Amino acid sequence: MNVQAYILIQTDVGKASSVAHAIAAIPGVTLAEGITGPYDVIMRAEAATMEDFGRLILSKVQAVPGITRTLTCPVTG
């Protein structure tokens, strides 16, 4: 099973670019871009299992300086 999700990220003011750059370097992240609206960065990531997704990706994403909030949106189908 391959788990994929989009993660919407809110950042501190002026940190969207540095956050997107740092996230893009995390293994398993396939997209990280700055956006406008209520969220500042959108990313897409994938892992072999939900456990791997949480342990290997989300824990690393949430450790990136400048992130204030995340919303994970799993891809189905």
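Each label point was placed 7 Å from the Cα along the Cα-to-Cβ direction; for V13 and L31 their separation is 3.0 nm. Computed in the context of the full set of protein chains, the accessible area of the chain at 1.4 Å probe radius has 57% of its extent on carbon or sulfur.
Note down the relative contact order for segment 16-77 as a percent, whole number, built from C-alpha pairs under 8 angstrom at least six residues apart.
Relative contact order comes out at 30 percent.
Centre-to-centre separation between the Cα atoms of segment 44-60 and those of segment 1-42: 14 Å.
Projection of the Cα convex hull of segment 29-77, averaged over all directions and equal to a quarter of that hull's surface, yields 3.9 nm².
The values are calculated or read from the model by the stated rules, or taken from the named source; none is laboratory data. Just so it is clear, the structure is predicted and the values come from calculations on it, not from any experiment. Don't worry about glycine lacking a Cβ; one is built from the backbone with ideal geometry, like all the others, and counts go over all protein chains shown. The area values use the complete protein model at the heavy-atom level, side chains included, leaving out ligands, DNA and RNA. Shrake-Rupley method; radii C 1.70, N 1.55, O 1.52, S 1.80 Å.
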